[in-house]
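K.L.:
Pasting a structure here, questions to come.
The values are calculated or read from the model by the stated rules, or taken from the named source; none is laboratory data. Source: prediction; values computed, not measured. Cβ sites come from the backbone with ideal geometry, for glycine too, and all protein chains shown count toward neighbours.
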Amino acid sequence: MLPKPITIPKRLLPKDGRFGSGPSLVPDEALKNLAKNAHRYMGNSHRKENVKELIGRFQEGCRDFFSLPDGWAVLLGNGGATFFWDALAFCGIEKKSQHLCFGEFSARFAEVVKDAPHLEPPQIIEAELGMGAVAEAASDVDFYALTHNETSTGVLADISRPGKTSDKASGAGGALAAVDGTSGAGGIEWDPAETDIYYFSLQKAFAADGGLWVALCSPAAIARFQKLAGERWAPNSLNLALAYENSLKQQILNTPAVATLYLAVHFLEWAQENGGENGKEKGKDKSGGLKWAAERSRKSSQILYHWAEKSDWAEPFVKDPAARSPVVVTIELSENVSAADISAILRENGVVDTDPYRKLDKNLLRFGLFPSRDPADVEALTKCLDYLADRLT
Ligand SMILES: *Cc1c(COP(=O)(O)O)cnc(C)c1O
């Protein structure tokens, strides 16, 4: 049954009502900027200067924004993170991987690996929904599959290389640590010393559109790709050694999603402008962009978590405060309030995509609070939620 319609007064509504966890809101400013400059990039050959320059700007932007150590490469390809899982099954995992499965996305990569005939069955470490899992060093594992932010549940993971500290420099006895950063990348800080591959799509914290995967890769990761590409067959579209060669030429194997790329560059440059070396806040170094962006998401999420903690009909779904994501906030409602009704009414009022991940059977709301979100809009959101609860309970 549809809930009775409720009109939320305009003065309470957020300026931008797109609260999806991916695709997430793309700022109007970025879209206007794209329209203004589109002629230079869209409908242009990706083998010519303009698009290559855009790819180069993206790669350089990532180096500064994420403070990548020397020797790291920025690889790109079509297909998004889902496609990159397939590429890792071909060119990343040598024999056996370990997967921390604590939600839909982390579990999906493990499924890909289970079905790969050339790999051993993966080791899977599972956690209950709403909690994180911890990697364990294992001598027969050559690839650790970690997830920075489990978008389905709003659980944040600590990113650290499993194994003894003394092994760390060598990547725990040559094993690679790979992080699915798809919804975390751009909104949560991490340390490149703790990982070899940090990969993501651009329609979440980067406030762009879908279509591309990005992988930030250490020299050890590149060496693994080259070794495996020399030893066993991989289709060109999944061949990461080939993706690396293309990255050196500011190219992508085939025609890239150029508007997505443009919006991603816009995000990086926007964050650098605010937090980087020439940032509005004085004294920032070149790599201040991520710090600034992460702080903005932290601020937004704290508003919502605090509100939920004080509310008598809602509470944070993730019980451990240290595991609460700053970019994807999940809120569990008490039995007398239906999250599905709240989501439906919010949608009628222009506040969209607040439903929980489609496969979770829980009375939850979920909000994407990526850096592009103005924290003032989260304040507004809490007012809207209270307004509805007063009328529904
Ligand atoms: C969204 C998401 C994916 C899938 O991204 P696609 O671009 O749709 O392939 C993978 N992992 C995580 C953590 C995600 O949030």
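K.L.:
Starting from residues that are more than 30 Å from LYS291 (Cβ to Cβ) and among the polar types (S, T, N, Q), keep the ones in the stretch 342-393 and report whichever is surrounded by the fewest Cβ atoms within 10 Å (Cβ to Cβ).
P.N.:
THR393
K.L.:
Could you identify the single residue in ASN274, ASN254, ASN278 that is in a helix (DSSP H, G or I) and either modelled with pLDDT under 95 or not charged (D, E, K, R) (or both)? Full working, then the answer.
P.N.:
Working: ASN254 fails: in a helix (DSSP H, G or I); ASN278 fails: in a helix (DSSP H, G or I).
After ruling out the rest, the residue left standing is ASN274.
K.L.:
For the stretch 66-87, how many residues meet the condition of being within 12 Å of the ligand (Cβ to nearest atom), of a type in the set (A, V, I, L, M, F, W, C) and surrounded by 20 or more Cβ atoms within 10 Å (Cβ to Cβ)? Write out each step before concluding.
P.N.:
Our first condition is that a residue be within 12 Å of the ligand (Cβ to nearest atom); within the stretch 66-87, this holds for 77-87.
Filter once more, so that each one left must be of a type in the set (A, V, I, L, M, F, W, C): 81, 83-85, 87.
Subsequent filtering for residues that are surrounded by 20 or more Cβ atoms within 10 Å (Cβ to Cβ) retains 81, 84-85, 87.
Residues in the stretch 66-87 being within 12 Å of the ligand (Cβ to nearest atom), of a type in the set (A, V, I, L, M, F, W, C) and surrounded by 20 or more Cβ atoms within 10 Å (Cβ to Cβ): 4 in total.
K.L.:
Anything in the stretch 192-240 that is hydroxyl-bearing (Ser, Thr, Tyr), closer than 30 Å to SER297 by Cα and within 16 Å of the ligand (Cβ to nearest atom)? List them, or say none.
P.N.:
Keep residues of the stretch 192-240 that are hydroxyl-bearing (Ser, Thr, Tyr), which gives 195, 198-199, 201, 218, 237.
Checking the rest, the ones that are also closer than 30 Å to SER297 by Cα come to 195, 198-199, 201, 218.
Across the stretch 192-240, the qualifying residues are THR195, TYR198, TYR199, SER201.
K.L.:
Which condition number does ALA308 fail, the rest of (1) among the small types (Gly, Ala, Ser); (2) more than 29 Å from ARG108 (Cβ to Cβ); (3) in contact with a strand residue (DSSP E or B) (Cβ under 6 Å, 6 or more places away or on another chain) being met?
P.N.:
(2)
K.L.:
Right, another one. Go through the stretch 16-36 and give me each residue that's outside any loop (DSSP other than H, G, I, E, B), more than 20 Å from the chain's Cα centre (by Cα) and either closer than 9 Å to ALA208 by Cα or of a type outside the set (A, V, I, L, M, F, W, C) (or both). So that I can check it myself, show each step before the final result.
P.N.:
Filtering the stretch 16-36 down to residues outside any loop (DSSP other than H, G, I, E, B) leaves 18, 28-36.
From what is left, the residues that are more than 20 Å from the chain's Cα centre (by Cα) are 28-29, 31-36.
Within the stretch 16-36, ASP28, GLU29, LYS32, ASN33, LYS36 qualify.
K.L.:
Write out, first by first residue and then by second, each pair whose Cβ atoms fall under 7 Å of each other, whose residues are 6+ apart or on separate chains, and whose first residue, in the stretch 203-223, is within 21 Å of TYR244 (Cβ to Cβ) and basic (Lys, Arg) while the second is more than 10 Å from the ligand (Cβ to nearest atom) and at pLDDT 95 or above.
P.N.:
none
K.L.:
At least 1 residues that are within 30 Å of GLU29 (Cβ to Cβ) and touching a residue at least 12 places away in the same chain (Cβ under 8 Å) in each: list the strands (runs of 3 or more DSSP E) lying fully within the stretch 309-392 that qualify. So that I can check it myself, show each step before the final result.
P.N.:
Numbers: elements: 314-316, 328-333, 364-368.
Passing ranges, in order: 328-333, 364-368.
K.L.:
Out of the stretch 129-149, which residues are in contact (Cβ under 8 Å) with a residue 60 or more places away in the chain and in contact with an Asp or Glu (Cβ under 8 Å, 6 or more places away or on another chain)? Walk me through it before giving the result.
P.N.:
In the first step, residues of the stretch 129-149 are kept if they are in contact (Cβ under 8 Å) with a residue 60 or more places away in the chain; the result is 129-132, 149.
Selection gives MET131, GLY132.
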